[in-house]
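**Student:** I have a structure here, written as structure tokens, and I will follow up with some questions on it.
The values are calculated or read from the model by the stated rules, or taken from the named source; none is laboratory data. What you see is a predicted model, and the numbers here were worked out from it, not measured in a lab. Heads up, the Cβs are rebuilt from the backbone with ideal geometry, glycines too, and the neighbour counts pull from every protein chain shown. These accessible areas exclude ligands, DNA and RNA; they are computed on the full protein's heavy atoms, side chains included. Shrake-Rupley method; radii C 1.70, N 1.55, O 1.52, S 1.80 Å.
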Amino acid sequence: MRLVFAGTPEVAVPALDALIASERHEVAAVVTRPDAPAGRGRRLVASPVAQRAEEAGIEVLRPARPRDEDFLARLREIAPDCCPVVAYGALLPRVALDVPARGWVNLHFSLLPAWRGAAPVQHAIMAGDEVTGASTFLIEEGLDSGPVYGVVTEEIRPTDTSGDLLTRLAFAGAGLLAATMDGIEDGTLRAVPQPAEGVSLAPKITVEDARVDWAAPALRVDRVVRGCSPAPGAWTLFRGERLKLRQTALAPDRTGLAPGELAVGKNTVHAGTGSHAAELLWVQPQGRKPMAAADWARGVRIDQGERLGE
């Protein structure tokens, strides 16, 4: 098939690579978000998908909005059979959905209908799911509600961050998306409607969602830290300033600390929770780079009884 691929971040690049490598399909163009300011100089930088497409000599379309008439006219000129999508980052209007004869097919990082929305991996970890996966489905105007072509499953490991899990799903999902294109092209795949039950939503993680509640059980604290890593980063307050928590570990043998209360050992830092303690491994003080929690504790000279979250 003649394809136009839509995607923006690094997590979409493995799928683009898989389609470029396919001998059965042609990636005629890529649709991505406009270049965005980055770094200290705030200079405009192309998205990872745009950079990969340009390396491969593929035309890149950067509409400010996918309903822009210039973009739609060019899309009609290219006349794609199908448009695979991975984390594009903008809602597609009906006028765009109607262009490819075989529709727009999204690779979504959950087992639909679970975790529809922008942050499925983060929510799966924060909810304590043991298994997740990726799904390919035909895009409709509803939120991730279209019929499903195929799925792959992936175990959520006890120490997985959202970054770890998303990386594995990006590569597993790339193979699924390529196989889905093959099945659509040769007529062996039919999309199956999603069940009405089991729907859960995964909206974008807000700054407040990432704030650690030290009165919650240690397991919940650990899940929030892992689910919000690397972005937006779980956080708490210490002496009135924001402290990001980059990595923690469960410490079931350490008890007797009030929620948020800090206990500093020679090379350890523990914080009390609503159950047993959590060990702080890596933190990031406001305006500074990540550092080992023990080094941070030595630098700030924590007083007995001081707490996080106040």
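**Student:** Please verify whether the range 199-207 includes one or more residues that are charged (D, E, K, R), open to solvent by 50 Å² or more (accessible area, probe 1.4 Å), modelled with pLDDT of 95 or more and over 30 Å from ALA297 (Cβ atoms). So that I can check it myself, show each step before the final result.
**Tutor:** Here is the first cut: in the range 199-207, the ones charged (D, E, K, R) are 204.
Of the ones still in play, those that are also open to solvent by 50 Å² or more (accessible area, probe 1.4 Å) are 204.
Among the residues that remain, those that are also modelled with pLDDT of 95 or more are: 204.
Next, from what is left, pick out any that are over 30 Å from ALA297 (Cβ atoms): 204.
Yes, there is a match, as at least one residue in the range 199-207 is charged (D, E, K, R), open to solvent by 50 Å² or more (accessible area, probe 1.4 Å), modelled with pLDDT of 95 or more and over 30 Å from ALA297 (Cβ atoms).
**Student:** Still on this structure: Taking ALA79 as the residue in question, decide whether it is in contact (Cβ under 8 Å) with a residue 40 or more places away in the chain, over 24 Å from GLY117 (Cα atoms) and open to solvent by 30 Å² or more (accessible area, probe 1.4 Å). Steps first, answer last, please.
**Tutor:** Values: in contact (Cβ under 8 Å) with a residue 40 or more places away in the chain: yes; over 24 Å from GLY117 (Cα atoms): yes; open to solvent by 30 Å² or more (accessible area, probe 1.4 Å): yes.
Yes.
**Student:** Sticking with this structure for a sec: In this structure, does PHE137 turn out to be on the phi < 0 side of the Ramachandran plot, in contact (Cβ under 8 Å) with a residue 12 or more places away in the chain and open to solvent by less than 40 Å² (accessible area, probe 1.4 Å)?
**Tutor:** Working: on the phi < 0 side of the Ramachandran plot: yes; in contact (Cβ under 8 Å) with a residue 12 or more places away in the chain: yes; open to solvent by less than 40 Å² (accessible area, probe 1.4 Å): yes.
Here the answer is yes, as PHE137 does meet what is asked.
**Student:** Please state which one of PRO120, PRO84 is within 21 Å of the chain's Cα centre (by Cα), more than 20 Å from PHE5 (Cβ to Cβ) and either open to solvent by 50 Å² or more (accessible area, probe 1.4 Å) or not aromatic (Phe, Trp, Tyr) (or both).
**Tutor:** Numbers: PRO84 fails: more than 20 Å from PHE5 (Cβ to Cβ).
Selected residue: PRO120, the only one of PRO120, PRO84 that is within 21 Å of the chain's Cα centre (by Cα), more than 20 Å from PHE5 (Cβ to Cβ) and either open to solvent by 50 Å² or more (accessible area, probe 1.4 Å) or not aromatic (Phe, Trp, Tyr) (or both).
Okay, residues lined up against (1) in contact (Cβ under 8 Å) with a residue 40 or more places away in the chain; (2) of a type in the set (S, T, N, Q); (3) in a loop (DSSP other than H, G, I, E, B); (4) in contact with an Asp or Glu (Cβ under 6 Å, 6 or more places away or on another chain):
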| site | (1), (2), (3), (4) |
| --- | --- |
| PRO203 | yes, no, yes, no |
| THR206 | no, yes, yes, no |
| ARG223 | yes, no, no, no |
| SER229 | yes, yes, yes, no |
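**Student:** Collect the residues in the range 18-41 that are assigned to a loop (DSSP other than H, G, I, E, B), open to solvent by less than 20 Å² (accessible area, probe 1.4 Å) and either of a type outside the set (Val, Ile, Thr) or touching a Gly at 6+ places or on another chain (Cβ under 6 Å) (or both), keeping them in residue-number order.
**Tutor:** Passing the criteria: only HIS25.
**Student:** Just checking, does the range 261-274 include any residue being in contact with an Asp or Glu (Cβ under 7 Å, 6 or more places away or on another chain), within 15 Å of GLU241 (Cβ to Cβ) and open to solvent by 40 Å² or more (accessible area, probe 1.4 Å)?
**Tutor:** Taking every residue of the range 261-274 in turn, none turns out to be in contact with an Asp or Glu (Cβ under 7 Å, 6 or more places away or on another chain), within 15 Å of GLU241 (Cβ to Cβ) and open to solvent by 40 Å² or more (accessible area, probe 1.4 Å).
**Student:** Considering the range 153-171 alone, what residues qualify as being surrounded by fewer than 16 Cβ atoms within 10 Å (Cβ to Cβ) and assigned to a strand (DSSP E or B)?
**Tutor:** Correct list: THR153, GLU155.
**Student:** If ASN267 satisfies every condition in (1) more than 28 Å from HIS123 (Cα to Cα); (2) without any contact (Cβ under 8 Å) to a residue 12 or more places away in the chain but one, which is the exception?
**Tutor:** Single failed check for ASN267: (2).
**Student:** Scan the range 42-63 residue by residue and report those that are of a type outside the set (A, V, I, L, M), under 24 Å from the mean Cα position of the chain (by Cα) and assigned to a loop (DSSP other than H, G, I, E, B).
**Tutor:** Residues satisfying the conditions are ARG42, SER47, ARG62, PRO63.
**Student:** Is it the case, given these coordinates, that ALA292 is within 18 Å of THR159 (Cβ to Cβ), of a type in the set (A, V, I, L, M, F, W, C) and either surrounded by fewer than 22 Cβ atoms within 10 Å (Cβ to Cβ) or touching a helix residue (DSSP H, G or I) at 6+ places or on another chain (Cβ under 7 Å) (or both)? Walk me through how you get there before you give the answer.
**Tutor:** Details: within 18 Å of THR159 (Cβ to Cβ): yes; of a type in the set (A, V, I, L, M, F, W, C): yes; either surrounded by fewer than 22 Cβ atoms within 10 Å (Cβ to Cβ) or touching a helix residue (DSSP H, G or I) at 6+ places or on another chain (Cβ under 7 Å) (or both): yes.
Yes; evaluated as a whole, the condition is true for this residue.
**Student:** Taking only pairs six or more apart or across chains, which ones have beta-carbon atoms under 7 Å, a first residue in the range 44-67 that is of a type in the set (A, V, I, L, M), and a second residue that is part of a helix (DSSP H, G or I) and open to solvent by 20 Å² or more (accessible area, probe 1.4 Å)?
**Tutor:** Cβ pairs passing all conditions: ALA56/ILE20; VAL60/GLU54; LEU61/ARG74.
**Student:** Moving to a separate point now. Considering only the range 174-195, I want to know if a residue exists there that is touching a helix residue (DSSP H, G or I) at 6+ places or on another chain (Cβ under 9 Å) and farther than 18 Å from VAL152 by Cα.
**Tutor:** Taking every residue of the range 174-195 in turn, none turns out to be touching a helix residue (DSSP H, G or I) at 6+ places or on another chain (Cβ under 9 Å) and farther than 18 Å from VAL152 by Cα.
**Student:** Next up: Taking the range 208-250 as the search range and keeping residues that are surrounded by 17 or more Cβ atoms within 10 Å (Cβ to Cβ) and among the acidic types (Asp, Glu), which one is nearest to SER162 (Cα to Cα)?
**Tutor:** Only one residue tops the list, namely ASP222.
**Student:** Consider ALA216 carefully, then state whether it is part of a loop (DSSP other than H, G, I, E, B), under 26 Å from GLY274 (Cα atoms) and at pLDDT 95 or above. Before you say what the answer is, go through the steps one by one.
**Tutor:** Numbers: part of a loop (DSSP other than H, G, I, E, B): yes; under 26 Å from GLY274 (Cα atoms): yes; at pLDDT 95 or above: yes.
Here the answer is yes, as ALA216 does meet what is asked.
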